[in-house]
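The values are calculated or read from the model by the stated rules, or taken from the named source; none is laboratory data. Everything quoted here is computed from the prediction, not taken from an experiment. Note that we place each Cβ from the backbone using ideal geometry, even for glycine, and neighbour counts take in every protein chain shown. These area figures cover heavy atoms from the full protein model, side chains too; ligands, DNA and RNA do not enter into them. Shrake-Rupley method; radii C 1.70, N 1.55, O 1.52, S 1.80 Å.
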Amino acid sequence: MSISSLGVGSGLALDDLVRQLISAERQPKEARLNAREKAVDAEISALGTIKSKVSDFQDAVDTLRDGSNLNSRETTVINPSEDDDVLTADASTSALRGSYDITVQQLASGSRITTDPGAFSSSTDPLLSSGTGSLTFSVGSDNTFTVEVDDSTTLADLRELINDSAENFGVTANIIETGTNDGPRLVISSDKVGQGNDLVITNDNGNTDLDRLSTTSIDTTNIQSSRNAIAIVDGIEVQSSSNEFTNTIQNVSFTVNEVSPKDSSGEQLATRLTVGFDKEGVEEDIKNFIESYNSLVDEIEKLSSYGATDEDNDGPLAGDSLLRGLQLGVSTIVGEEVQNSAISSLFELGIELNEDGRLEIGSKDFGLGTGQSRLDDALENNFDDISTLFNNESSGIAVRLYDLVEQYSSSSGLISLRERSARDEKDSVDDAKEALELRMASFEETVRAKYVNLDRTIAQLNQTGSALFAALI
């Protein structure tokens, strides 16, 4: 006979029994795989978290290792008033501290040429009575261009030819309409500043009509030569061919923006330029380092600690040797001394390891002042030695810390290797779960086949029994 549903023939709950057998077979295996998967997921997440913290710490360390901020100089410019912008300044890391009074007497400028009064009666009249000609504009031998004119070219046309020339190196032409007998006057300016960079206009082919535009014919009173910038630094006159003064003060550059204002008596008012250490910037970098170090240690302890009681959960990387090695490495380096430095340890800089293994600017006075007072003293009196403490190429704290964490954070580092291993384990768990599903499908098929036969046998026995019982009656 055919059994359409397990247990129908025998009247027994065989389908429930089969499900229970399958569940009993699946549950322990599935639980083990789920536990493995959960642990691996937690490990991958924890490794990603610690890798991010290590990267943040490495960035803070790299700022100190690089040393550019630690050696930086700060320039302060105090102009005569808030409305003035006389100069701006910058200093290299080797600049000496000092203050300077600076007045700007003259800005660097290019030459300016204005055609003579009455040279032209109208800006729309042709320049030439007949023929053709050309004008060459030049500053030295490297900067030159030529414009061609003919008997239809007007003064207004010449202005456009100059301004639109493809070879124009920085010459600008404009027309001032005087409205008087002086007529229109062409003003030609060059942006090549500095003494000796005078603009020269040459009448190339000798057409006498173009002499009105030649610098050899224009009245010298209408020609302004290019000029250097002139400043007075602590009573000493200095000049520059541009508006930037480089190394006028050793390892300091300043750019002049306007002529110094004058007081009521006509005396120019000085701008005070001060070169000092960037103490605030360095202190901020040091405090960022402390914060980043403590954040890293916090994360390591959170991920690697065991629960305090049986009810507390262990960290996802509890007791992990990778994190223990990292924590031991960084704590060892920050506690060691650096040779050949007037400040040989973080303690001398005011930074201490507290009883919790965290860095802090110490608040206790051990006869050497509090941590903050030691830090302030170092910033004031041993500024450059702070750089040596952190970035001495052989023993600097930041150099050694960077090299250490690089072993963990790089793409081929210890954390990345662990991540790849964990992902391989995750793939293995996924494969095992797929294999379990296949095995369980085969197991169910086998069990159901057995109980289908049992169901049929019992059904047949029931039919035979019913028939015998009916015959006996």
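Going residue by residue through segment 270-277, is there one that turns out to be in contact with a Gly (Cβ under 6 Å, 6 or more places away or on another chain), of a type outside the set (Ser, Thr, Tyr) and in a loop (DSSP other than H, G, I, E, B)? Within segment 270-277 (the criterion being in contact with a Gly (Cβ under 6 Å, 6 or more places away or on another chain), of a type outside the set (Ser, Thr, Tyr) and in a loop (DSSP other than H, G, I, E, B)), the answer is no, since none of the residues qualifies.
Looking only at segment 307-336, residues that are open to solvent by 60 Å² or more (accessible area, probe 1.4 Å), closer than 20 Å to Arg358 by Cβ and not in a helix (DSSP H, G or I) come to 2 in all. Just one residue in the set Ser217, Ser225, Ser265 is within 28 Å of Thr114 (Cβ to Cβ), open to solvent by 40 Å² or more (accessible area, probe 1.4 Å) and free of Cβ contacts under 8 Å to residues at least 24 places away in the same chain; that residue is Ser217.
Checking the structure you have, find out if any residue of segment 435-447 is among the aromatic types (Phe, Trp, Tyr), open to solvent by less than 80 Å² (accessible area, probe 1.4 Å) and closer than 30 Å to Arg36 by Cβ. Scanning segment 435-447, I find at least one residue that is among the aromatic types (Phe, Trp, Tyr), open to solvent by less than 80 Å² (accessible area, probe 1.4 Å) and closer than 30 Å to Arg36 by Cβ, so the answer is yes. Note on segment 14-30: residues that are open to solvent by less than 60 Å² (accessible area, probe 1.4 Å) and under 15 Å from Lys426 (Cα atoms) total 0. Here Asn181 meets the list (1) touching a residue at least 60 places away in the same chain (Cβ under 8 Å); (2) in a loop (DSSP other than H, G, I, E, B); (3) closer than 30 Å to Tyr100 by Cβ almost entirely, failing just condition (3). If only residues of segment 343-360 that are touching a strand residue (DSSP E or B) at 6+ places or on another chain (Cβ under 8 Å) and buried (at least 18 other Cβ atoms within 10 Å of the Cβ) are counted, the one that is nearest to Arg400 (Cα to Cα) is Leu346.
Within segment 361-393, the only residue that satisfies the criterion of being closer than 20 Å to Phe57 by Cα and open to solvent by 70 Å² or more (accessible area, probe 1.4 Å) is Glu393. No other residue among Ala449, Ala422, Ala432, Ala471 is more than 26 Å from Leu17 (Cβ to Cβ), modelled with pLDDT under 85 and part of a helix (DSSP H, G or I) apart from Ala471. Gln463 meets all of the listed conditions (1) open to solvent by less than 60 Å² (accessible area, probe 1.4 Å); (2) in contact (Cβ under 8 Å) with a residue 60 or more places away in the chain but one, namely (1).
When you look at Ile113, is it touching a Leu at 6+ places or on another chain (Cβ under 8 Å), within 30 Å of Asn174 (Cα to Cα) and not in a helix (DSSP H, G or I), yes or no? I'd like the intermediate steps shown before the answer.
On the way: touching a Leu at 6+ places or on another chain (Cβ under 8 Å): yes; within 30 Å of Asn174 (Cα to Cα): yes; not in a helix (DSSP H, G or I): yes.
So Ile113 passes the test.
Please determine, by comparing only the residues of segment 395-412 that are touching a residue at least 40 places away in the same chain (Cβ under 8 Å) and outside any helix (DSSP H, G or I), which one is least open to solvent (accessible area, probe 1.4 Å).
Step by step, filter segment 395-412, then rank; the result is Gly396.
Return the total of residues in segment 79-122 being among the β-branched types (Val, Ile, Thr), open to solvent by less than 30 Å² (accessible area, probe 1.4 Å) and under 21 Å from Thr248 (Cβ atoms). Total satisfying the criteria: 4. Selection over segment 245-258 of residues that are open to solvent by 50 Å² or more (accessible area, probe 1.4 Å) and closer than 17 Å to Gly194 by Cβ gives a count of 4. Checked against (1) open to solvent by 30 Å² or more (accessible area, probe 1.4 Å); (2) outside any strand (DSSP E or B); (3) in contact with a strand residue (DSSP E or B) (Cβ under 7 Å, 6 or more places away or on another chain), Leu158 meets all criteria but (1). Of the residues making up segment 203-214, those that are open to solvent by 60 Å² or more (accessible area, probe 1.4 Å) and outside any helix (DSSP H, G or I) are Asp204, Asn205.
Of the residues Leu349, Leu317, which single one is in contact (Cβ under 8 Å) with a residue 40 or more places away in the chain and more than 29 Å from Ile386 (Cα to Cα)? Working first, answer last.
Working: Leu349 fails: more than 29 Å from Ile386 (Cα to Cα).
Going through Leu349, Leu317 in turn, the sole match is Leu317.
Could you say which residue among Phe137, Phe145, Phe169 is part of a loop (DSSP other than H, G, I, E, B) and in contact (Cβ under 8 Å) with a residue 12 or more places away in the chain? So the residue among Phe137, Phe145, Phe169 that is part of a loop (DSSP other than H, G, I, E, B) and in contact (Cβ under 8 Å) with a residue 12 or more places away in the chain is Phe169.
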